[in-house]
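Engineer: This is the structure I want to talk about, given as structure tokens.
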Amino acid sequence: MEEQLEELRRLAAAKARNRMTESGIPRVAMVQGKIPAHELNAVYDPMVNLILQGSKSMTVGSRTLHYSPASYFVMSVHLPAAGTVRPAATGEPYLAVALTLRPATLGALIADLPESARAEKVSAGFSVASVTPELMDAWVRMLRLMERPADVPALAPVYEREILYRVLQGPHGAMLRDIASPDSAVARVTLAIQRIRRDFAEPLRVETLAQVAAMSESAFHRHFKAVTALSPLQYQKRVRLLRARTLLVAEGRNVTSAAFEVGYESPTQFSREYARAFGLPPGRDSEQILARYAPAAS
């Protein structure tokens, strides 16, 4: 498997930058090097993320997962998470490639699977596993398309299905099945997540979210926490703070303006919760980010 990994590193490193870099293949992106901390703290899309070099830690709520080369991370719902990347022990930069998940593609693929290939359902919305030679082969074929862009329209959908098929055969299979099943707890929690992300600045009523998910309040709270490692209120708070950070850094808003726009009634409470989440008060945090990364981007 080492030869496959080396080829993937070569293919990805030729194009990847220290931010999510589009590959020219639909839903496939890559990243390389030291990533700005404020970009690693984000609401992550549902994805399959394969580590090629270096290592990464991902924290969602109170859960932290670690993964290294030849392991992959699956996230089945949009999750506010904090990531940390590290170079390889020998000094090579962090390098990873990701495939964004699309429920329609998964649904069509799952319909073609034999019953024996369908694993038991699980409720967690994110996990990590070791890559198999078969999955690595599929990724190699996918990334080779970067060198043959004319083949992308015909072959990328085939290789995407193969990657997903291999993941479905592994320990994350049930998680992917839940995305495409409208009756699963994950799919119903996803409806509530969409509502929170859309209306994050509005007051949150768990009763309304439970109705959106077609669950009792107790069942909704239990499933939401199992899938996201956060309570609905914690999820909303994290989304608010991440959006506020974007307003401060990317749009130059002042602290009070950012606090009110994301739904806080008290700038003092906002500053306190922001500092608890990111380690610094909002003004100092945004100043440090701009001082550290803006010159490099210019």
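The values are calculated or read from the model by the stated rules, or taken from the named source; none is laboratory data. Keep in mind that what you see is a predicted model, and the values were worked out from it rather than measured. Cβ sites come from the backbone with ideal geometry, for glycine too, and all protein chains shown count toward neighbours.
Engineer: One residue is enough: does segment 163-171 have a residue meeting the conditions aliphatic (A, V, I, L, M) and over 23 Å from the mean Cα position of the chain (by Cα)? Reasoning before the result, please.
Structural biologist: Residues of segment 163-171 aliphatic (A, V, I, L, M): 163-164, 167-168.
In the following step, the residues that additionally are over 23 Å from the mean Cα position of the chain (by Cα) were identified as none.
No, segment 163-171 contains no residue that is aliphatic (A, V, I, L, M) and over 23 Å from the mean Cα position of the chain (by Cα).
Engineer: Oh, and also: Right, Val158: at pLDDT 95 or above, aliphatic (A, V, I, L, M) and either under 18 Å from Tyr72 (Cβ atoms) or in contact with a Leu (Cβ under 6 Å, 6 or more places away or on another chain) (or both) or not?
Structural biologist: Numbers: at pLDDT 95 or above: yes; aliphatic (A, V, I, L, M): yes; either under 18 Å from Tyr72 (Cβ atoms) or in contact with a Leu (Cβ under 6 Å, 6 or more places away or on another chain) (or both): no.
Answer is no for this residue.
Engineer: Next up: Which of the following residues is modelled with pLDDT of 95 or more and closer than 29 Å to Glu6 by Cα: Val85, Val128, Val97?
Structural biologist: Matching residue, one of Val85, Val128, Val97: Val97.
Engineer: List every residue pair whose Cβ atoms sit under 7 Å apart, with the two residues 6 or more apart in sequence or on different chains, where the first one lies in segment 253-266 and is of a type outside the set (A, V, I, L, M) and the second, anywhere, is surrounded by fewer than 21 Cβ atoms within 10 Å (Cβ to Cβ) and outside any helix (DSSP H, G or I).
Structural biologist: Glu261/Ala201; Gly263/Phe200; Gly263/Ala201; Gly263/Glu202
Engineer: Among the helices (runs of 4 or more DSSP H) confined wholly to segment 214-298, which include 3 or more residues that are in contact with an Asp or Glu (Cβ under 7 Å, 6 or more places away or on another chain)?
Structural biologist: 232-250
Engineer: Hey, any hits in segment 65-83 for a residue that's β-branched (Val, Ile, Thr), over 20 Å from the mean Cα position of the chain (by Cα) and not assigned by TED's automatic domain parsing to the domain that holds Phe278?
Structural biologist: No, because not a single residue in segment 65-83 is β-branched (Val, Ile, Thr), over 20 Å from the mean Cα position of the chain (by Cα) and not assigned by TED's automatic domain parsing to the domain that holds Phe278.
Engineer: Ok, one more. Looking at (1) touching a helix residue (DSSP H, G or I) at 6+ places or on another chain (Cβ under 7 Å); (2) closer than 21 Å to Ala82 by Cβ, which is the only condition Arg240 fails?
Structural biologist: (1)
Engineer: Moving on to the next point. Only residues in segment 182-209 that are among the hydroxyl-bearing types (Ser, Thr, Tyr) count as the first member; pair them with residues that are at pLDDT below 95 and part of a helix (DSSP H, G or I), Cβ under 7 angstrom, at least 6 apart or cross-chain, and list the lot.
Structural biologist: What qualifies is Ser184/Asp178.
Engineer: Also, I was wondering about something else. List the strands (runs of 3 or more DSSP E) inside segment 42-161, counting only whole elements, that have at least 1 residues being within 21 Å of Tyr235 (Cα to Cα), among the basic types (Lys, Arg) and touching a residue at least 60 places away in the same chain (Cβ under 8 Å).
Structural biologist: Where strands (runs of 3 or more DSSP E) fall fully within segment 42-161 and carry at least 1 residues being within 21 Å of Tyr235 (Cα to Cα), among the basic types (Lys, Arg) and touching a residue at least 60 places away in the same chain (Cβ under 8 Å), they are 63-67.
Engineer: May I pose another question? Among what's in segment 175-187 and is surrounded by fewer than 23 Cβ atoms within 10 Å (Cβ to Cβ) and of a type outside the set (A, V, I, L, M), pick the residue that is farthest from His78 (Cα to Cα).
Structural biologist: The qualifying residue farthest from His78 (Cα to Cα) is Asp183.
Engineer: Condition first: surrounded by 15 or more Cβ atoms within 10 Å (Cβ to Cβ) and farther than 17 Å from Phe278 by Cα. Now tell me which residues in segment 231-255 satisfy that.
Structural biologist: Pro232, Arg253
Engineer: Is it the case that Asp178 is of a type in the set (Asp, Glu) and closer than 28 Å to Arg276 by Cα?
Structural biologist: Numbers: of a type in the set (Asp, Glu): yes; closer than 28 Å to Arg276 by Cα: no.
Here the answer is no, as Asp178 does not meet what is asked.
Engineer: Continuing with the same structure: Restricting attention to segment 28-46, does a residue exist that is surrounded by fewer than 16 Cβ atoms within 10 Å (Cβ to Cβ), at negative phi and more than 12 Å from the chain's Cα centre (by Cα)?
Structural biologist: So far as segment 28-46 goes, yes, one or more of its residues are surrounded by fewer than 16 Cβ atoms within 10 Å (Cβ to Cβ), at negative phi and more than 12 Å from the chain's Cα centre (by Cα).
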